[in-house]
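None of the figures in this text is laboratory data; all of them are computed from the coordinates on show. None of these values were measured; they are calculated from a predicted model. Virtual Cβ from ideal backbone geometry, glycine too; neighbours counted across all protein chains shown.
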Amino acid sequence: MTSKLPEAEALLPRLAAELKKAVTPATAMIGLHTGGAWVAERLHRLLALKDPLGLMDIAFYRDDYAKEGLKHDPKRTRIPFEVEGRDLLLVDDVLYTGRTVRAAMNELFDYGRPRSIALVVLADRGGRQLPIAAQYVGAQVEVPAGRKLRLKRAADGRLSLALEEAAGGG
């Protein structure tokens, strides 16, 4: 793990090159709102996948939904392809506890039974609370206690990783 934050923009082409080896005609991509959707938009373009990009808002499926009072907008989930029997690339920005990924898989199975799901993350910061692992990782990042790793998008669309004060778990 590295404590110096990697350049998000430099991670994208490397991640796409690694993913390209796994893409088949049955492959489709889904990005998790918000940061995962930003990463997925870029990777989807770099990979030139034939199916449109799917987007998910998993807030309602999180196990801390009631506790955190998360906002859920079901209109933000849009999966414009058949999930059944597909090889899905599930994209998130930062992998931490694993709870977001668990929630995403719960929601995905409401749409059908994919043949496989591979998790793609821009950064893995460790600290898992659930047995979740990414198959494709842009960078392993060490995050100091009391801090949160956040993906930011500038007005021009450039992505960057930043450390912020942590409010709770995620």
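Modelling each spin label as a point 7 Å along the Cα-to-Cβ direction, I'd like the R147/N106 distance in nm, to one decimal. Rounded to a tenth, the inter-label distance reads 3.1 nm.
A protection proxy built from the mean count of other Cβ atoms within 10 Å ranks the segments 7-17, 100-110, most packed first, as 100-110, 7-17.
Relative contact order, whole percent, for the chain stands at 25, derived from Cα pairs under 8 Å and 6 or more residues apart.
Protection proxy ranking, highest mean first, for peptides 85-91, 125-131, 139-145: 85-91, 139-145, 125-131, where packing is the per-residue count of other beta-carbon atoms within 10 Å, averaged.
Between L46 and A133, the modelled labels are 2.3 nm apart [label points 7 Å from Cα along Cα→Cβ].
Order these by the 10 Å Cβ neighbour count, fewest first: D156, D92. Arranged by neighbour count, lowest to highest, D156, D92 become D156, D92.
In order along segment 153-159, the phi-based Karplus estimate (6.51 cos²θ - 1.76 cosθ + 1.60, θ = phi - 60°) of 3J(HN,Hα) comes to 10, 6, 4, 7, x, 5, 9 Hz; Gly and Pro are listed as x. Taking a cut-off of 20 Å, what percent of all Cα-Cα pairs in the chain are separated by more than that? Every Cα pair in the chain considered, those over 20 Å come to 49 percent.
Selection among T100, L122, G112 by position relative to the dipole of the chain gives L122 as farthest towards the positive end (Cβ unit charges, Cα centre). Estimated from helices alone, the mean residue ellipticity of the chain at 222 nm is -7500 deg cm²/dmol (sum of -39500 (n - 2.57) over DSSP H runs with n ≥ 4, per residue).
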